[in-house]
1. For a quick check of your reading of the model, give me the residue pairs whose first member lies in segment 9-33 and is over 17 Å from F80 (Cβ atoms), whose second is modelled with pLDDT of 85 or more and surrounded by 17 or more Cβ atoms within 10 Å (Cβ to Cβ), with beta-carbon atoms closer than 8 Å and at least 6 apart or on different chains.
2. More than 18 Å from N15 (Cα to Cα), assigned to a helix (DSSP H, G or I) and either in contact with an Asp or Glu (Cβ under 9 Å, 6 or more places away or on another chain) or open to solvent by 80 Å² or more (accessible area, probe 1.4 Å) (or both), is that true of L81?
3. T5 - would you say it is in a helix (DSSP H, G or I), surrounded by fewer than 18 Cβ atoms within 10 Å (Cβ to Cβ) and under 15 Å from the mean Cα position of the chain (by Cα)?
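The values are calculated or read from the model by the stated rules, or taken from the named source; none is laboratory data. Not measured: the values here are computed from a predicted model. Reconstructed Cβ throughout: ideal geometry from the backbone, glycine too, with neighbour counts over all protein chains shown. Accessible surface is based on the protein model in full, side chains and every heavy atom, while ligands, DNA and RNA are left aside. Shrake-Rupley method; radii C 1.70, N 1.55, O 1.52, S 1.80 Å.
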Amino acid sequence: MLMLTYSGKAKQILNQTIDTISLSTYKKDDVSAQFEKAHKWLTKAHNEQNKAIKYVDNLQYSVLFTHAQDTLMNTETIYFLLTKLIPLIRINQ
């Protein structure tokens with residue numbers, strides 16, 4: 001459950017980051033701080049995933065665990081894309 005909670009928190013922060021970037025008056029430092037927070041939550045989520053996978057031989061199928069992994073991977077994709085696209089957006093402004 002912690003993996004889902006932590007990755008959800010990162011996703012929420014990244015959503016706020018997108019809202020921040022949509023403002024013409026956004027500050028680069030604010031966006032950097034949001035990325036740092038999101039990265040910390042993603043790291044926590046990965047640590048929880050690693051704890052669970054450590055016992056992969058004893059794991060039973062769980063819809064909740066699958067959902068948590070899906071949320072983590074989707075949030076990582078959002079994080080990756082934003083970190084690659086934001087510099088491009090800045091160049092074109």
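1. Note: pairs meeting the criteria are K9/W41; Q16/Q34; T20/V31; T20/Q34.
2. Numbers: more than 18 Å from N15 (Cα to Cα): no; assigned to a helix (DSSP H, G or I): yes; either in contact with an Asp or Glu (Cβ under 9 Å, 6 or more places away or on another chain) or open to solvent by 80 Å² or more (accessible area, probe 1.4 Å) (or both): yes.
Here the answer is no, as L81 does not meet what is asked.
3. Working: in a helix (DSSP H, G or I): yes; surrounded by fewer than 18 Cβ atoms within 10 Å (Cβ to Cβ): yes; under 15 Å from the mean Cα position of the chain (by Cα): yes.
Taking the combined requirement at face value, the residue satisfies it.
Per-residue answers, yes or no, for (1) β-branched (V, I, T); (2) closer than 16 Å to M1 by Cα; (3) under 15 Å from the mean Cα position of the chain (by Cα):
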| site | (1), (2), (3) |
| --- | --- |
| K27 | no, no, no |
| L42 | no, yes, yes |
| H67 | no, yes, yes |
| I78 | yes, no, yes |
| K84 | no, no, yes |
